[in-house]
Amino acid sequence: MSFVVYNSYSKKKETFEPIEPGKVRMYNCGPTVYNRAHIGNFRSYLFADVLRRWLEYLGHEVRQVMNITDVGHLQDDADDGLDKIEEQARREKRDPWEISREFTELFFRDAEELSILPAHEYPRATDHVPEMLAIIEDLVQKGFAYEVDGEVYFDVTRFEGYGRLSGNRLEDLEAGARVEVREEKRHPADFALWKSDPHHMMKWESRFGPHGFPGWHIECSAMALKHLGEEIDIHTGGEDNVFPHHESEIAQSESHTGRRFARYWMHARFLQVDGGKMSKSLGNTYVLDDVKARGAEPRALRFALIRGHYRQPLNFTWEILDESAKALEGLDDLARRLRLAAQGRNAADDPSGGADALAEARAKFETAMNDDLNTAMAFSALFELRSAVLESRLGAETAAAALDFVRAANGVLAVIRVDEEELDADVERRIAAREEARAGKNWAEADRLRDELLAEGIVLEDSASGVIWRRK
Ligand SMILES: [Zn+2]
């Protein structure tokens, strides 16, 4: 059975074949660290995480690189507007380096709570300026780029494939619909590789001038090249990255190396909130803390964001989050029943009883995931397995095999508590003991229990409705 993916570049579903058999080089466009990543951003990062996990399920060795954009991402995604990080720094009267450090840390924390596997590298743009300048220099030498007053622009008319990914045609871009007409550019769609601004707070000296900084697009080309090589297998991002960002990455990278940059381009669709676009004015650009403040677990958000196919519209509401938490309780319950039945408790007499239901669930799950990561159908395979278990008991052997299957499926989905029942009961017992100690004003003992749990990665949070706990 082969893994089929929708390639945004060819606009077709294609069988996935890595350049080097068994090894996958994947680049994900990561966060611009000027504010907290919102749940819409996380739809895209969770898609990349599920993709990586599925590739690993299939036996590939994945090398995943996700960049951290900490300079040069201007407000309009192209060549105009303020640098997002600097704008935030000016607004808060803080150092831009401090802003990017803070939000990078918060991004890592949120990602970990959402069970996103850490990428193998998280290169920061500001650490790769020499590499960017080397590519820019090469593009100027080869005639793909030109310098104007300390700035360097890519000449889109020199790259034949410009517009192939996004479907934009150069003639249409002349009109300046999504490109700013600036007189220093030869063609309105030319984009900046290197900018110059004496007032920019983060700046680098180069042969083009004393106060330059990179364009956002060249950053990803340089970091992908350095950490993954000239040709990569998969490049992902959100649908808003297609143009101009990815279109420009292709033009720069391929003009520089003379080779095909990425074999497969995959893009996640925007998340809708309350049935529409997320917006600051509506106050619904939610972040993970908003979810936790409602008492929901991060895994409920993870489920809410991956329960639909990544290329389909997906809506988020607080009701959907509540339903997600309930759905996960159902899957936890499935795992619990399988654990018991595997030990012969409440199992059918025939040890292999229910084998058909398991085979069906496994086949459906794998077929779904192989079909361009159809997570919606993959989850329904698990819910159907639960229905089968509720309807008639499984034999102990089948239950053990089913538990292995659920564990493997959860290695991809990462939302179910497969093996944690005993542990949970133990945590609850110690929390109750701590409550008892506190009621008796035995603070030393209460603190000792809290520290003991913390050492095991269990964080206690006192709330109005009692103590809640989570795993770090
Ligand atoms: Zn990028």
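Would you be so kind as to identify which of 136, 310, 295 lies farthest towards the positive end of the dipole of the chain, taking Lys and Arg as +1 and Asp and Glu as -1 on Cβ and the Cα centre as origin?
Comparing the listed Cα positions along the dipole, 295 ranks first.
Enter the angle in degrees (range 0 to 90, nearest 10) between the Cα long axis of helix 421-439 and the first principal axis of the Cα atoms of the chain, meaning the one along which they spread out most.
Once rounded, the angle reads 80 degrees.
Once amide H atoms are placed 1.01 Å from N in the peptide plane, what residues at a sequence separation of 5 or more from residue 232, or on another chain, have their amide H within under 5 Å of its amide H?
It is 262, 263, by chain and number.
From the helices alone, meaning DSSP H stretches of at least four residues, give me the mean residue ellipticity at 222 nm for the chain, per-run term -39500 (n - 2.57), in deg cm²/dmol to the nearest 500.
Calculated from helices alone, the mean residue ellipticity at 222 nm is -14500 deg cm²/dmol.
What share of all Cα pairs of region 388-461, in percent, falls into each consecutive 5 Å distance bin?
3, 13, 16, 16, 13, 10, 9, 10, 7, 3, 0
Can you give me the relative contact order of the chain as a percent, contacts being Cα pairs under 8 Å and 6 or more apart? Walk me through the intermediate numbers first.
Working: 759 pairs, mean separation 75.2, N = 472.
Here the relative contact order equals 16 percent.
Using the heavy atoms of the protein chains and a 1.4 angstrom probe, tell me the accessible area per residue for the chain in square angstrom. Let's see the in-between values first.
Working: 20840 Å² over 472 residues.
Result: 44 Å² per residue.
Please report the net charge: other residues with Cβ closer than 9 Å to the Cβ of residue 377, K and R +1, D and E -1.
0
Which angle from 0 to 90°, rounded to the nearest 10, does the C-alpha axis of helix 318-342 make with the longest principal axis of the chain?
Tilt of helix 318-342: around 50 degrees.
Using a 1.4 Å probe over the heavy atoms of the protein chains, calculate the carbon and sulfur portion of the accessible area of the chain as a whole percent. If you can, show how the numbers build up before the last one.
Working: 9930 of 20840 Å².
Heavy-atom surface of the chain belonging to carbon and sulfur, 1.4 Å probe: 48 percent.
Once a ≥ b ≥ c are taken as the square roots of the eigenvalues of the Cα gyration tensor of region 1-65, is the result rounded (a/c under 1.5), prolate (a/b larger than b/c) or oblate (a/b not larger than b/c)?
On the way: a/c = 2.24, a/b = 1.72, b/c = 1.31.
It comes out prolate by the Cα gyration axes.
If you take the Cα Rg of region 4-268 and divide it by 2.2 N^0.38 Å, with N the number of residues, what do you get?
So the Cα radius of gyration is 0.97 times the expected 2.2 N^0.38 Å.
Got a sec to turn the phi values of region 106-122 into Karplus ³J(HN,Hα) couplings, 6.51 cos²θ - 1.76 cosθ + 1.60 with θ = phi - 60°, whole Hz, x for Gly and Pro?
5, 4, 4, 5, 4, 4, 5, 5, 8, 6, 7, 5, x, 5, 6, 9, 10
Defining a contact as two alpha carbons under 8 Å apart and six or more residues distant in sequence, what relative contact order in percent does region 276-413 show?
For region 276-413, the relative contact order is 28 percent.
Which cross-chain or sequence-distant (5 or more) residues have an amide H under 5 Å from the amide H of residue 354, H modelled 1.01 Å from N in plane?
Under 5 Å from the amide H of residue 354: 395.
Which of the lysines could a cross-linker span from residue 203 if the Cα-Cα distance has to be under 21 Å and same-chain partners fewer than 8 positions apart are dropped?
The qualifying lysines are 84, 93, 195.
What is the Cα centroid distance between region 301-357 and region 1-65, reported in whole angstrom?
Result: 24 Å between the Cα centres.
Here is the link list: 292/326; 13/364; 277/326. Which ones come out longer than 21 Å on Cα distance?
277/326
Please turn the phi angles of region 184-199 into ³J(HN,Hα) values with the Karplus equation 6.51 cos²θ - 1.76 cosθ + 1.60 (θ = phi - 60°), one per residue in order, whole Hz, x for glycine and proline.
6, 8, 6, 10, x, 8, 4, 10, 7, 9, 9, 10, 9, 6, x, 8
Which of rounded, prolate or oblate describes region 120-175 when judged by the alpha-carbon gyration tensor and an a/c cut-off of 1.5?
Because a/c hits 1.5 or more and a/b fails to exceed b/c, region 120-175 counts as oblate.
Against the 2.2 N^0.38 Å scaling, with N counting residues, where does the chain land? I'd like the Cα-based Rg ratio to two decimal places.
1.11
The values are calculated or read from the model by the stated rules, or taken from the named source; none is laboratory data. Since the structure is predicted, the reported quantities are computational estimates derived from the model, not experimental observations. Cβ coordinates were reconstructed from backbone atoms using ideal geometry, including for glycine residues, and neighbour counts include every protein chain displayed. Areas reflect the complete protein model, heavy atoms only, side chains present, ligands, DNA and RNA absent. Shrake-Rupley method; radii C 1.70, N 1.55, O 1.52, S 1.80 Å.
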